[in-house]
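S.K.: Please see the structure below; I have some questions.
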Amino acid sequence: MHPTDTSKPDHFHKVVDCQWACPAHTPVPEYIRLIAAGRYADAYMVNWHSNVFPGILGRTCDRPCEPACRRVRVETNNGNEAESVAICRLKRVAADHKGDIQARLPQRAAANGRRVACVGAGPASLTVARDLAHLGYQVSVFDRDPKAGGFMRTQVPRFRLPEEVIDEEIGYILGLGIQFHGGTPISSLRRLLSDGFDAIFVGSGAPRGRDLDLPGRREAAARIHIGIDWLASVSFGHVTSIGKRVIVLGGGNTAMDCCRSARRLGGTAVKVIVRSGYDEMKASPWEKEDAQHEGIPILNYLVPVEFEHEKGRLMAVRFRKVRPELDDRGARRLVPSGEPDQRIECDEAIIAVGQENSFPWIERDLGLAFDDGGLPVLDTATLQSSLPNVFFGGDAAFGPKNIIWAVAHGHEAAISMDRWMRGEDVRLRPPPRVHMTSQKMGIHEWSYDNDISPEPRRKVPWAAAELALKSIRVEVELGFDGSNAWKEAQRCLNCDVQTVFKRELCIECDACTDICPMDCITFTTNGDEADLRRQLRAPALNVRQDLYVSDSLRTGRVMVKDEDVCLHCGLCAERCPTGAWDMQKFLLELSRAAPDRESVEAGREIR
Amino acid sequence: MTWIAKPRLHHPTLARNSLGYTRRDYEGKVSTLCAGCGHDSISAAIVQAFWLMDIAPHRVAKLSGIGCSSKTPDYFLGPAHGFNTVHGRMPSVLTGANLANRSLIYLGVSGDGDSASIGLGQFAHAIRRGVDMTYIVENNGVYGLTKGQFSATADPGSVSKKGVANTDGPLDLVGLALLLGASFVARGFAGDKAQLVPLVQAAISHKGSAIIDVISPCIAFNNHAGSTKSYDYVREHNEAVNQLDLVPSRNEITVDYAAGETVELAQHDGTFLRLHKLREDYDPHDRIGAMNYLHEHQARGEVVTGLLYVDPAAQDLHAGLETVETPLNLLSEAELCPGAAVLEHINSSLR
Ligand SMILES: Cc1cc2nc3c(=O)[nH]c(=O)nc-3n(C[C@H](O)[C@H](O)[C@H](O)COP(=O)(O)OP(=O)(O)OC[C@H]3O[C@@H](n4cnc5c(N)ncnc54)[C@H](O)[C@@H]3O)c2cc1C
Ligand SMILES: Cc1ncc(C[n+]2csc(CCOP(=O)(O)OP(=O)(O)O)c2C)c(N)n1
Ligand code: SF4
Ligand code: SF4
Ligand code: SF4
Ligand SMILES: [Mg+2]
C-alpha cells in the first residue's frame, strides 16, 4: 500500500467515528471532554456552532453517531454488553447546565445590502438564516405556522421536547436580526422571486402525511386521523383528548410519537400495528423501547384491509395476517399466511405510514426542474436548484430525513448562497479548518485523560410513569446530573486524539506493538491492502476502518496500524523511546459561510 | 513506566488457546523499564511462547537474579510462581526448586551482568549439572540497572555512551554454554520476535539445560553508534543460521520450505522442531563444529543467531540422581520417614 496521506483531513477525520458519522460533523469528543471538565457553556458553544440546536438535538436527535461510536466495537467480546457512549444525552447535559450564554453569541453584523428569503421556519431554514445573518445578509423567514421551528415545534411531542427549549434556541437565532413572518404561507414562488430577493432558500419540509385508501376510510373519517396532522393539532392544542382504544398504523418514529401522545390524551388501550416484523420497523430501537415501556404493545405482520364502521362510527380495523418469505433473490417480502383475518376493535385510528413532499406553491413553468418523484433536481453538494438563485435543504431537498440532516443542509446551502451572491463559483467549497495539537506534557503525562473507563453505559433517569402519562407536557427523560454526566463522559475514548507516526524516528524496537492492548500496530512487509489486512497481529476485518500505513522503515518493513479498535490510550506513545508516536488532537471544524474565507482556492473540490 | 494500568480491553477477535486463555492472560504488570528496552520485547516473546504452547501460567516457576533483566518476570505470566533471588544466584535457587518439585516448568531469567559477572560460577554449574530449565540471558552488554557500566559480555572496542572504548576481553555465553555441555544452545535478538518466539518454545519443550542468549539493546545506555549491542548494529551484523518452527506433529505444515532444506527433530514431549537451514554449512548437532563456526564468524564481527546446538536425547539432573518423581511437598510422612529398619539397611549398605 502507499503511505497514508495524513495531510488531507479524511484519514484522521474517519478515525473520529462519531464526528465522521454526524451529518454536521460535530466535534463530539471535544465537547465531551469539556463536559467532563464541567465547562458546560463551552461544550454548548462547540455544539451550537456545529449543530445549531444542542438542547433540541440533545433530546431528539436521530444520533447516527451512536451506532458508529468506536466504544461499541471496542466493548465487543469484552464482557459487558457492547454499547456506545451516550453522545446525544451528553449534548443535552451541556444545554441543561450551561447557564447564560447570551454574551457568547455572535454579534449582529452591519447590513451588506443583500436580501435572502427562507420558505419555512424549520431547522434547515433557521440554520441558513443563522449562518447568513451574522455575515450581514438581511434574512426574512416565512412560515404558515404562527411560530418558528417547523416540525420540531409541531410534530415532536412536548413530552420529548419541552416548548421552552425550542423557544430558547430559536430565540438565539431570531435574535441575530432575522425577520420572522409567522402565519404567512407562501403560495407562489413566482411572486416571491419578483420581490427582489437576491437568493431564496426552500426549507418547506415534507408536509403531507400518506393516507390509506381502504374500505371504510371515508365513511369513518371522523375517527381516523393522519398522524402528522393529528400531532400538529395536538401541538397547537386543537386536539386535547382521544378515545380509550386507539390503533396506530405504521412502524416509524411518527407512529411512536402518535401512540405515546394518544396514551397521554386518554388512550388507555393503545396499540401499534405494523405490516413488517419488529426488527424491520423504521422506528429507532430506543423509540420502540420507550413506547413498549409505556405499556403500548407492538403487533407485527398485520396488514390493514378495512376500517369497519357502523353508520360512520369506527368500530374496528380488520387485518390480513402475513409472514415474511425470501424470494429467489433473497429479498424479504410479505405473503399472506392463510390464517383468517384478525379484527381489532377500536374507538379511533391514526395512520402514520409515511410522509411525502409537495410543492403546490412552486409553479412548474419557472424553470425549476423536478424529478419524477416530485423532488427538485439539485446539485447534491451545493443544494442549488436549476434556478440558480433558489436553493433547497432539509426534508424539502431529498425527502424526509431528520433534524441534524436539515442542519447540515442548512450549513452547505448557506455557503452556496453566500458564494452565489458574491459572484463566486458555488462548486468550489471552502476547506474545513484542521488543527493538530500534541497532547504531550511529560514522559507519560498527557493533556487529555487517557485512562480507559471500564464502566457500562449510564441510563438516563425517567420521570415516574404515573406522572409522565398524566400530561403530554411532562418531559419523560430527566437528563443526566453532573456526576452521571462525568462518568458517562469518561467512557469516551477521545478518538480525536490521534496516534501520529513519524517514520524517521522509529527504531523498530516493537515496544508499541507489545504494549498495545488492542493489537493495533504491526511491523510487516508491505503488500496490497487485502494482503496487509490478513497479515496483521489481529486481522483487520472491518474494511470500513482504514489502515494507517507508513513509508518503508530501515529494515524495509512498514508500520501498519489498524485504526478500527484503537483505544487512544496513548500507551504506544508512552512506550516509544524515540517519540515516533505522538498523540495529537485533531480538531476539524467544517467551514461555514463565514467572513474569513481565506484559502478557498485550496478548497475541497467537489468529487 | 506508565501511570495508567494497561486496559483490560482486548481485540474483539483475540484468539484463545486450548486452555481457553487469551495471550493477555499471560501478561504481568506493566513494565517499569525504559521505553523501547529490548528486555520488554523478550517478555512479549515469552508471553507469546507460553500462550502458543497451551501451558497454564501457574504451572511455571520463573526465577531471576538482580538487574533490569531480572526484574522482567514481574511483567509476564502474572499467575506463575516466582522468585527474585540475589544477584547472580538464580541458578542455584532454580536448581534447588527443580530438585524439590520437577512437575513445574522452570524459566530462569537473567542478565549479562547477573550471569557473566557475579553469577558466572552459578551459570556454569547449573549447566554442567543438566538442570531441566530454560535459561534466558537478556544480554545488553552493560549493567543497565546501575546506569550502564560495561559488562563482561561487552566487545572490546565497543564504545560507551560517554565515548570510552571497552578494553577488556569479552565473555561469550553461547561459547561457554557449548563448552559446559548445555544440551540446547541458541542465540536470539530482541528485535526479531519471528525468530525468538520459536526458540523460546523449543527451549521450553527441551528436556535439559536450554540456554538462550538474547541480544537485547539497552535503549538508555547502549543503543548509540559505536555500540555492538544496538538495534542497528545487530541488524547489520546478524548472521542467522536457521529458522525454527515448533510443531505439534510431524505432519503439520506451517511454512513451506523447499525439500532438503528442513530437518525435523523429535522432542521428548512429542512435539517436533522443524529447522529451516539458512546456512547450508551449519549443523546444529555438532557441538565442536558449532564452536568453530561461532568463533570464525565472531572474528569477522558477525553475530551468529538461531538454534546453534541441540541434543534432543539429553537427560537431566534427576536422571543421574535417581530422585523421586513426586514433588517433595506431596510425599507423605511414611514415605519421608520409612522407619528404623530402612535406615539400618541404608547405613549397612554404606559400611
Ligand atoms: C412525528 C415526527 C417526529 C419526528 N421526530 C424527530 C426526532 O425526534 N428527531 C429528528 O431528528 N427528527 C424528527 N422528525 C423529523 C424532523 O422533524 C424533520 O426531518 C425536520 O424537522 C425537517 O426540517 P426542515 O427544516 O426540512 O422542515 P420542517 O421542520 O418540516 O419545517 C418546514 C416548515 O415549512 C413550513 N412550510 C411548508 N410549506 C410552506 C409554505 N408554502 N409557506 C410557508 N411555510 C411553509 C411548514 O409549516 C414547516 O413549519 C420527526 C418528524 C415527525 C413527523
Ligand atoms: C551482590 C550485589 N552486587 C552488586 C549489585 C549491584 N547491581 C545491581 S544490578 C547489577 C548489574 C546488572 O546487570 P545485568 O545483569 O546485565 O542486568 P541489566 O540491568 O543490564 O539487565 C549490579 C552490579 C547488587 N545488587 N548486588
Ligand atoms: S468513543 Fe468518544 S470519540 Fe470515539 S466515537 Fe465514541 S463518542 Fe466519539
Ligand atoms: S493508543 Fe496506541 S497503544 Fe493505545 S490502543 Fe491505540 S495504538 Fe494501541
Ligand atoms: S515504540 Fe517507537 S521506535 Fe519502537 S517500534 Fe514503536 S514506533 Fe518504532
Ligand atoms: Mg545487562
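S.K.: Quick one: in the range A:396-452, of everything that is of a type in the set (A, V, I, L, M) and part of a loop (DSSP other than H, G, I, E, B), which residue is surrounded by the most Cβ atoms within 10 Å (Cβ to Cβ)?
M.R.: Our first condition is that a residue be of a type in the set (A, V, I, L, M); within the range A:396-452, this holds for A:396-397, A:403-404, A:406-408, A:413-415, A:417, A:421, A:426, A:428, A:434, A:436, A:441, A:443, A:452.
Of the ones still in play, those that are also part of a loop (DSSP other than H, G, I, E, B) are A:426, A:443, A:452.
Working: A:V426: 20, A:I443: 11, A:I452: 23.
Among those residues, the one meeting the criterion is A:I452.
S.K.: Still on this structure: Looking for something open to solvent by 20 Å² or more (accessible area, probe 1.4 Å), more than 12 Å from ligand 1 (Cβ to nearest atom) and at pLDDT 95 or above - is there at least one such residue anywhere in the range A:131-150?
M.R.: yes
S.K.: Just to be sure before I move on: is A:A538 in a loop (DSSP other than H, G, I, E, B) and more than 16 Å from ligand 3 (Cβ to nearest atom) in the structure I sent? Spell out how you get there, then give the answer.
M.R.: Details: in a loop (DSSP other than H, G, I, E, B): yes; more than 16 Å from ligand 3 (Cβ to nearest atom): yes.
Answer is yes for this residue.
S.K.: Now for a separate question. Of everything in the range A:454-478, what is part of a loop (DSSP other than H, G, I, E, B) and either among the basic types (K, R) or surrounded by 16 or more Cβ atoms within 10 Å (Cβ to Cβ) (or both)? Give them in sequence order.
M.R.: Residues of the range A:454-478 part of a loop (DSSP other than H, G, I, E, B): A:454-461, A:463-464, A:471-476, A:478.
Hits for the range A:454-478 are A:R457, A:R458, A:K459, A:V460, A:I472, A:R473, A:E475, A:V476.
S.K.: Does A:V434 count as touching a strand residue (DSSP E or B) at 6+ places or on another chain (Cβ under 9 Å), within 16 Å of ligand 1 (Cβ to nearest atom) and among the hydrophobic types (A, V, I, L, M, F, W, C)?
M.R.: Details: touching a strand residue (DSSP E or B) at 6+ places or on another chain (Cβ under 9 Å): yes; within 16 Å of ligand 1 (Cβ to nearest atom): no; among the hydrophobic types (A, V, I, L, M, F, W, C): yes.
Considered against the rule, which asks whether it is touching a strand residue (DSSP E or B) at 6+ places or on another chain (Cβ under 9 Å), within 16 Å of ligand 1 (Cβ to nearest atom) and among the hydrophobic types (A, V, I, L, M, F, W, C), A:V434 comes out as no.
S.K.: So is A:A110 hydrophobic (A, V, I, L, M, F, W, C) and modelled with pLDDT of 95 or more or not?
M.R.: Values: hydrophobic (A, V, I, L, M, F, W, C): yes; modelled with pLDDT of 95 or more: no.
For A:A110, the condition - hydrophobic (A, V, I, L, M, F, W, C) and modelled with pLDDT of 95 or more - is not met.
S.K.: Right, here's the next one. Do any strands (runs of 3 or more DSSP E) entirely within the range A:316-395 hold 2 or more residues that are surrounded by fewer than 21 Cβ atoms within 10 Å (Cβ to Cβ), and if so, which? Break it down stepwise before answering.
M.R.: Details: elements: A:332-336, A:342-345, A:348-351, A:390-392.
Hits in the range A:316-395: A:332-336, A:342-345.
S.K.: If A:P304 satisfies every condition in (1) in contact with a helix residue (DSSP H, G or I) (Cβ under 7 Å, 6 or more places away or on another chain); (2) farther than 24 Å from A:A464 by Cβ; (3) of a type outside the set (F, W, Y) but one, which is the exception?
M.R.: (1)
S.K.: Something else about it: Quick check on the range B:10-21. Is at least one of its residues more than 16 Å from ligand 2 (Cβ to nearest atom), in contact with a His (Cβ under 7 Å, 6 or more places away or on another chain), among the basic types (K, R) and within 25 Å of A:E75 (Cβ to Cβ)? Please lay out each step first, then the result.
M.R.: Taking the range B:10-21 as the starting set, the residues that turn out to be more than 16 Å from ligand 2 (Cβ to nearest atom) are B:10-21.
Filter once more, so that each one left must be in contact with a His (Cβ under 7 Å, 6 or more places away or on another chain): none.
Within the range B:10-21, none of the residues are more than 16 Å from ligand 2 (Cβ to nearest atom), in contact with a His (Cβ under 7 Å, 6 or more places away or on another chain), among the basic types (K, R) and within 25 Å of A:E75 (Cβ to Cβ).
S.K.: Quick test for you: out of A:N542, A:N484, pick the one residue that is in contact (Cβ under 8 Å) with a residue 24 or more places away in the chain, within 14 Å of chain B (Cβ to nearest Cβ) and within 32 Å of the chain's Cα centre (by Cα). Break it down stepwise before answering.
M.R.: Numbers: A:N484 fails: within 14 Å of chain B (Cβ to nearest Cβ).
Result of the check over A:N542, A:N484: A:N542.
S.K.: A:Y301 - would you say it is open to solvent by 10 Å² or more (accessible area, probe 1.4 Å), in the same structural domain as A:I224 (by TED's automatic domain parsing) and in contact with a Lys or Arg (Cβ under 7 Å, 6 or more places away or on another chain)? Walk me through how you get there before you give the answer.
M.R.: Numbers: open to solvent by 10 Å² or more (accessible area, probe 1.4 Å): yes; in the same structural domain as A:I224 (by TED's automatic domain parsing): yes; in contact with a Lys or Arg (Cβ under 7 Å, 6 or more places away or on another chain): yes.
Yes: the conditions hold for A:Y301.
S.K.: Determine whether A:E81 is more than 16 Å from ligand 4 (Cβ to nearest atom), touching a residue at least 24 places away in the same chain (Cβ under 8 Å) and surrounded by fewer than 18 Cβ atoms within 10 Å (Cβ to Cβ).
M.R.: On the way: more than 16 Å from ligand 4 (Cβ to nearest atom): yes; touching a residue at least 24 places away in the same chain (Cβ under 8 Å): yes; surrounded by fewer than 18 Cβ atoms within 10 Å (Cβ to Cβ): yes.
Spelling it out, A:E81 is indeed more than 16 Å from ligand 4 (Cβ to nearest atom), touching a residue at least 24 places away in the same chain (Cβ under 8 Å) and surrounded by fewer than 18 Cβ atoms within 10 Å (Cβ to Cβ).
S.K.: To continue, here is another question. Just name the residue that is nearest to ligand 3 (Cβ to nearest atom) out of those in the range B:124-143 that are farther than 21 Å from B:T305 by Cβ and in a loop (DSSP other than H, G, I, E, B).
M.R.: The extreme case among them is B:D132.
S.K.: Among the residues of the range B:195-215, are any closer than 25 Å to B:Y143 by Cβ, surrounded by fewer than 24 Cβ atoms within 10 Å (Cβ to Cβ) and in contact (Cβ under 8 Å) with a residue 12 or more places away in the chain?
M.R.: There is no residue in the range B:195-215 that is closer than 25 Å to B:Y143 by Cβ, surrounded by fewer than 24 Cβ atoms within 10 Å (Cβ to Cβ) and in contact (Cβ under 8 Å) with a residue 12 or more places away in the chain.
S.K.: Name the single residue, out of those in the range B:128-143 being aliphatic (A, V, I, L, M) and away from ligand 2 (no atom under 13 Å from the Cβ), that is surrounded by the fewest Cβ atoms within 10 Å (Cβ to Cβ).
M.R.: So in the range B:128-143, the residues aliphatic (A, V, I, L, M) come out as B:131, B:133, B:136-137, B:142.
Those left that are additionally away from ligand 2 (no atom under 13 Å from the Cβ): B:131, B:133.
Numbers: B:V131: 25, B:M133: 29.
Of everything passing the filter in the range B:128-143, B:V131 is surrounded by the fewest Cβ atoms within 10 Å (Cβ to Cβ).
S.K.: Continuing with this model, one more query. Sort out which residues of the range B:229-245 are in a loop (DSSP other than H, G, I, E, B) and modelled with pLDDT of 95 or more, and write them in order of number.
M.R.: B:K229, B:S230, listed by residue number.
S.K.: While we're on this one: Filtering the range B:24-65 down to residues that are facing chain A (nearest Cβ under 9 Å) and in contact with a Phe, Trp or Tyr (Cβ under 6 Å, 6 or more places away or on another chain), which residue is farthest from A:R70 (Cα to Cα)?
M.R.: B:S43
S.K.: Just to be sure before I move on: is B:T146 touching a Leu at 6+ places or on another chain (Cβ under 6 Å) and within 16 Å of ligand 2 (Cβ to nearest atom) in the structure I sent?
M.R.: Working: touching a Leu at 6+ places or on another chain (Cβ under 6 Å): no; within 16 Å of ligand 2 (Cβ to nearest atom): yes.
It is false that B:T146 is touching a Leu at 6+ places or on another chain (Cβ under 6 Å) and within 16 Å of ligand 2 (Cβ to nearest atom).
S.K.: Quick one: which of A:R533, A:R537, A:R592, A:R575 is basic (K, R) and away from every other protein chain (no Cβ under 14 Å)?
M.R.: Result: A:R592 is the single residue among A:R533, A:R537, A:R592, A:R575 that is basic (K, R) and away from every other protein chain (no Cβ under 14 Å).
S.K.: Now for a different question. Does B:H125 satisfy the condition of being surrounded by fewer than 20 Cβ atoms within 10 Å (Cβ to Cβ) and more than 17 Å from B:D172 (Cα to Cα)? Full working, then the answer.
M.R.: Numbers: surrounded by fewer than 20 Cβ atoms within 10 Å (Cβ to Cβ): yes; more than 17 Å from B:D172 (Cα to Cα): no.
Taking the combined requirement at face value, the residue does not satisfy it.
S.K.: Considering A:V119, A:V156, which residue is in contact with a Ser or Thr (Cβ under 7 Å, 6 or more places away or on another chain), away from ligand 2 (no atom under 16 Å from the Cβ) and within 14 Å of A:N402 (Cα to Cα)?
M.R.: Working: A:V119 fails: within 14 Å of A:N402 (Cα to Cα).
Sole residue among the options that is in contact with a Ser or Thr (Cβ under 7 Å, 6 or more places away or on another chain), away from ligand 2 (no atom under 16 Å from the Cβ) and within 14 Å of A:N402 (Cα to Cα): A:V156.
S.K.: Which one is farthest from ligand 4 (Cβ to nearest atom), of the residues in the range A:59-78 that are over 23 Å from A:A540 (Cβ atoms) and open to solvent by 40 Å² or more (accessible area, probe 1.4 Å)?
M.R.: A:D62
S.K.: Six or more apart or on different chains, Cβ under 7 Å: which pairs go from a residue in the range B:164-183 that's on the phi < 0 side of the Ramachandran plot and touching a residue at least 24 places away in the same chain (Cβ under 8 Å) to one that's open to solvent by less than 20 Å² (accessible area, probe 1.4 Å) and of a type in the set (D, E)? Could you list them?
M.R.: Every condition considered, the pairs that remain are B:L173/B:D213; B:V174/B:D213.
The values are calculated or read from the model by the stated rules, or taken from the named source; none is laboratory data. This is a predicted model, so every value here is computed, not measured. Reconstructed Cβ throughout: ideal geometry from the backbone, glycine too, with neighbour counts over all protein chains shown. Ligands, DNA and RNA are stripped out before the accessible areas are found, and what is left, the full protein with its side chains, is counted by its heavy atoms. Shrake-Rupley method; radii C 1.70, N 1.55, O 1.52, S 1.80 Å.
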